[in-house]
Amino acid sequence: MRRITLDELSAQVEAAIERAGIVYTPEYVDRLRNKGRLRTAEKRELLRTIEERARAAGLEPIKAYY
């Protein structure tokens, strides 16, 4: 078994993404996101809390569907 560093693994993954022609635009990433149709009420409340805390800290929250 050959061992590699995380940097080597990262480079291999990046190369594979490039070969596949994937470009991580905001629209592409949004299509990959879980839209949350089956989320529990508890998870929805957790996502709301995370968003509120980010805004209170002056940060732009990560887009979440709840």
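The values are calculated or read from the model by the stated rules, or taken from the named source; none is laboratory data. Here the structure is a predicted model, which means the values were calculated and not measured. A quick note on method: Cβ atoms are made from the backbone with ideal geometry, for glycine too, and the neighbour counts reach across all protein chains shown. Accessible surface areas use protein heavy atoms only, side chains included; no ligands, DNA or RNA. Shrake-Rupley method; radii C 1.70, N 1.55, O 1.52, S 1.80 Å.
Can you tell me which residue is nearest to residue 29 (Cα to Cα) among those in segment 47-66 that are open to solvent by 80 Å² or more (accessible area, probe 1.4 Å) and not charged (D, E, K, R)?
Checked segment 47-66; the qualifying residue nearest to residue 29 (Cα to Cα) is 62.
Take segment 20-66 and flag every residue that is at pLDDT 90 or above and on the phi > 0 side of the Ramachandran plot.
Within segment 20-66, 21, 58 meet the criteria.
Only one of (1) in a helix (DSSP H, G or I); (2) surrounded by fewer than 11 Cβ atoms within 10 Å (Cβ to Cβ) fails for residue 23. Which number is that?
With (1) in a helix (DSSP H, G or I); (2) surrounded by fewer than 11 Cβ atoms within 10 Å (Cβ to Cβ) applied to residue 23, the lone miss is (1).
Just give me the residues in segment 1-20 being part of a loop (DSSP other than H, G, I, E, B) and either in contact with a helix residue (DSSP H, G or I) (Cβ under 8 Å, 6 or more places away or on another chain) or open to solvent by less than 100 Å² (accessible area, probe 1.4 Å) (or both), in sequence order.
We begin by selecting, within segment 1-20, every residue part of a loop (DSSP other than H, G, I, E, B); these are 1-5.
Answer for segment 1-20, where residues must be part of a loop (DSSP other than H, G, I, E, B) and either in contact with a helix residue (DSSP H, G or I) (Cβ under 8 Å, 6 or more places away or on another chain) or open to solvent by less than 100 Å² (accessible area, probe 1.4 Å) (or both): 4, 5.
Sort through 44, 37 and tell me the only one that's of a type in the set (Lys, Arg) and surrounded by fewer than 10 Cβ atoms within 10 Å (Cβ to Cβ).
Only one candidate passes the filter, namely 37.
Under the condition of being free of Cβ contacts under 8 Å to residues at least 12 places away in the same chain and in a helix (DSSP H, G or I), which residue from segment 26-44 is nearest to residue 66 (Cα to Cα)?
Filtering first and then ranking leaves 41.
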